[in-house]
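Structure first, commentary second.
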Amino acid sequence: MNKMNTIKSITALLIAVILITGCRKRDAAELADNLVNFEASAQGITAAESNITIKVKLVRGTDRDIPVTINLTEQGAIYGTDFVTSPAATAGKIELIVPSGNNEASFTLTKLPGALFDGDEKLLFDIYSSGTPVFIGAQKRLSLDFAELVATTASLTLNGGGVTYPNKVFVDLSANRQTPVLRTNWDLGFYTDATDFRVILNSSTAMMAKQIAKNDLNTVTAADTIGFGNEMTIGSFGVNPATLPYIDYPTGDLTRIAIAPIAAAATDNKVYIINRGVGVGSPAPARGWKKVRIIRNAGGGYTLQHADISATTFSSIDIAKDDSYFFKYISFENGAVSVEPQKKKWDIAWTYFTNTFGTGAAEAPFLYQDIIIQNRNVEVATVLVATKTFDAFAESDIAAQTFSTSQIKIGADWRATFPAAAAKTDRYYIVKDGDNNYYKLKFTGLSQGGERGYPAYQTVLVKKG
């Protein structure tokens, strides 16, 4: 009996040791250093830009406010004469607070009216100190050039917003700059080509559109939408090929979008029933339904008429074309809104996306996280590491590549979901931007601190345009 008790005691002790060791490992992971870094190591502010926002980011948010002090070093640009910052710099220092529960803070640099720049001016920002329990990370210096920046090497973690993927993030490779936009901020995009009139849906919210045989919004009632709830809904696993005509085809081909070209004769433009898809959250809330009609206006742009399904009146929004952009965007609630940057100010974007699943007659809409799309003036080629390693790829290798203009050339190809979600290491991409710069691009992470929604990449300039 005593022997049995001894064995039980030893067994209990071993179990306790294992449990304690396991807890210590988890605690160690939880207590890994929380670092503050600049979002990028280099940025540029062009002659056409009046201001720029610069961010510092923590690995994760904390339960307290974190003060961060940044030192400013001038190289040819003078504070108070050429530029100012908000918050203001005092004695060459900018004081920021990362609020409790948040993981980033920012300051804005604004050029002063009348300031003239030669293009060789530069500012250096260095993270000088941070509050407990946050330490200063490796990316503690940011260089800001007062000229168009063509980054030769860069790395960036994108602010997708986390596991509910609230943001669509536009990336300018040459400027090493990202622009996160809440993906529910807009509904429709209006093509700015001088002679072509096309309207796209917000594919990041799973929007769908179906034309009906009416061209007067006020005559459309709920009776015109009977059965649409089942017909115009994207299944969780893309199981309904019949819904394919109601989405914008994912390649970005404007001849394969849900809304027909806007005709010159107003009477030829029919009413569309719009399912606005889903919002941000888990579960994701439904965004509701609208009826819309779009016509051309006398100014050479568009007029959008929209209303709730059962409304007997409608609202109108005029949208002017602007050649600086590929699309101008509207929100049903807020009218004209700013979404994607100017056409030469972004190259790729990370987003939640209405892709397709299956092929041929079985192809159907499918909602996909972590899609990488490319701009309309960008071309992309895929290179397998087995053919040429990332480090070895050089300008002389460009000619052998096959480039694609499909906006989903990268798509979901860059990441794997089995056996674990991660960036693929067997491939990288060659990106030709709108200024004919060639970059090699590899993705280095799908998450940050174990949380999806923060992908990371590295780029190297292969050939300057």
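What follows is calculated from the coordinates using simple rules that are stated; it is not laboratory data. Computed from a predicted model, the values in this text were never measured in an experiment. Counting neighbours? That spans all protein chains shown, and the Cβs are built from the backbone with ideal geometry, glycine included.
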Practice task
Amide H neighbours of residue 366 under 5 Å, at least 5 residues apart or on other chains, H built in the peptide plane: list them.
Solution key: 355, 356, 357
Problem - Tensor-based shape of the stretch 299-384 (alpha-carbon gyration tensor, a/c under 1.5 rounded, otherwise prolate or oblate) - result: oblate
Practice task
Can you bin the stretch 383-465 into rounded, prolate or oblate? Criterion: square roots of the alpha carbon gyration tensor eigenvalues sorted a ≥ b ≥ c, rounded for a/c under 1.5, prolate for a/b above b/c, oblate for the rest.
Solution key: prolate
Practice task
Show which lysines lie in cross-link reach of residue 388 when reach means a straight Cα distance below 28 angstrom and same-chain residues fewer than eight apart are skipped.
Solution key: 409, 424, 432, 440, 442, 463, 464
Exercise for the section: Using a cut-off of 13 Å between beta-carbons, work out the net charge of the residues near residue 139 (Lys and Arg +1, Asp and Glu -1, residue 139 not included). Expected result: +2
Exercise for the section: Evaluate the distance, in nm, between pseudo-label points positioned 7 Å from the Cα of residue 316 and of residue 416 along their respective Cα→Cβ axes. Expected result: 5.7
Exercise for the section: Quick one: what are the phi-derived ³J(HN,Hα) couplings along the stretch 320-331, Karplus 6.51/-1.76/1.60 with θ = phi - 60°, whole Hz, x for glycine and proline? Expected result: 8, 7, 9, 5, 6, 10, 7, 9, 10, 10, 10, 10
Fill in the blank from the handout: Here, chymotrypsin sites (Phe, Trp or Tyr not before Pro) of the stretch 159-238 satisfying both criteria (DSSP loop; at most 16 other Cβ within 10 Å) are 237
Problem - Backbone HN-Hα couplings from phi across the stretch 442-452 [Karplus 6.51/-1.76/1.60, Hz, Gly and Pro as x] - result: 10, 8, 10, x, 9, 8, 9, x, x, 9, 5
Handout entry: Cα centroid of the stretch 269-314 to Cα centroid of the stretch 157-184, whole Å
Key = 25
Fill in the blank from the handout: Final fewest-first order of 432, 111 on the 10 Å Cβ neighbour count is 111, 432
Fill in the blank from the handout: Given (1) 1.04; (2) 0.98; (3) 1.01 as possible values of Rg/Rh (Cα atoms, Kirkwood Rh), the one from the coordinates is (1)
